[in-house]
Amino acid sequence: MNIKIVGVGKLKEKYLKQGIAEYAKRLSKFCKFQIIEVPDEKAPESLSDAQMEMVKEKEGERILAKIKDREYVFTLEIKGKERSSEELAEEIAKLTTYGHSNITFVIGGSLGLSPAVMKRADTAISFGRFTLPHQLMRLVLTEQIYRAFMIQSGSPYHK
C-alpha cells in the first residue's frame, strides 16, 4: 500500500515537520508514506477573481503532475464530505480490499483547489468548516491516516 499527500507550498515550521516525521515513522509499518510538496504560486496580497483563478490553475497543474492515473484521490475541501475517524479507516480498508493500493490526499494552497484538481478527485473529504493553515492540515491529515490504520488493527490508540 502506498499513501501520499500532495500539498501546495513548502513546510517551514520545525514543530510541524517534527510532528509529521513522527507519524510518518509510525506509518512505515503499515504503508509506504510520502509527502510531495509542489511550489505555491507567488501572488500579491489583493487579487482579482481572475488572478485568483489563475493562481489556483497554476498550482493545480503542479498538483496534477504528481498524480498518476491509477491513484485513488481524496481532495481536502471545505465542501467535501465529513467523515469520522472510524469512517475514514473503513473507507481506506475497503479501497485496499478492492484493489486501490495507491491512495493520494491533496491539500491545496491558501486559495483552495483548481476545478481541474477537484474534477480529478475520486472523493472530496472535509475536516469541518474551520479554516486551517494548509501546513497544519498536513500534520492533522497525517495523524488521521495513522489513526485509520490503528483503528483497523484494533489498537487502543484510538480510544
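Listing for the model above:
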quantity: Bridge type composition, the stretch 67-159 - antiparallel percent by DSSP, nearest 5; calculated: 10
quantity: The chain - percent relative contact order, Cα under 8 Å, separation 6 or more; calculated: 33
quantity: Overall dimensions of the stretch 77-149 as given by Cα atoms, namely Rg and Dmax in Å; calculated: 12.4, 35
quantity: Inverse of mean 1/r across different Cα pairs in the stretch 12-65, Kirkwood, Å; calculated: 13.8
quantity: Filtered GluC sites (Glu not before Pro), the stretch 29-136: DSSP coil and at most 14 other beta carbons within 10 Å; calculated: E45
quantity: The chain: angle of helix 49-64 to the longest principal axis, Cα-based, in degrees nearest 10; calculated: 40
quantity: Per residue solvent-accessible surface (Å²) - the chain, probe of 1.4 Å; calculated: 58
quantity: Relative contact order (%) - criterion: Cα under 8 Å, at least six apart; region: the stretch 1-80; calculated: 36
quantity: Value of Rg/Rh across the chain [Cα atoms, Kirkwood radius]; calculated: 0.96
quantity: In degrees, nearest ten, helix 85-97 long axis to first principal axis of the chain (Cα); calculated: 80
quantity: Fraction of accessible area attributable to carbon and sulfur, the stretch 17-68 (%, probe 1.4 Å); calculated: 50
quantity: Note, ³J(HN,Hα) from phi for the stretch 67-81, Karplus 6.51, -1.76, 1.60, rounded to Hz, x at Gly and Pro; calculated: 10, 8, 4, 8, 6, 8, 10, 9, 9, 8, 9, 4, 8, x, 7
quantity: Of all DSSP beta bridges in the chain, antiparallel share, percent nearest 5; calculated: 5
quantity: Rounded to 10°, Cα long-axis angle of helix 134-152 versus longest principal axis of the chain; calculated: 20
quantity: Under-5 Å amide H pairs with I36, H placed in peptide plane, nonlocal only; calculated: I5, V6, G7
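The values are calculated or read from the model by the stated rules, or taken from the named source; none is laboratory data. Note that the structure is a prediction, hence the values are computed from the model and not measured. Every residue, glycine among them, receives a Cβ derived from its backbone with ideal geometry; neighbour counts consider all protein chains shown. Quick note on the areas: whole protein, heavy atoms, side chains included, nothing else; ligands and nucleic acids left out. Shrake-Rupley method; radii C 1.70, N 1.55, O 1.52, S 1.80 Å.
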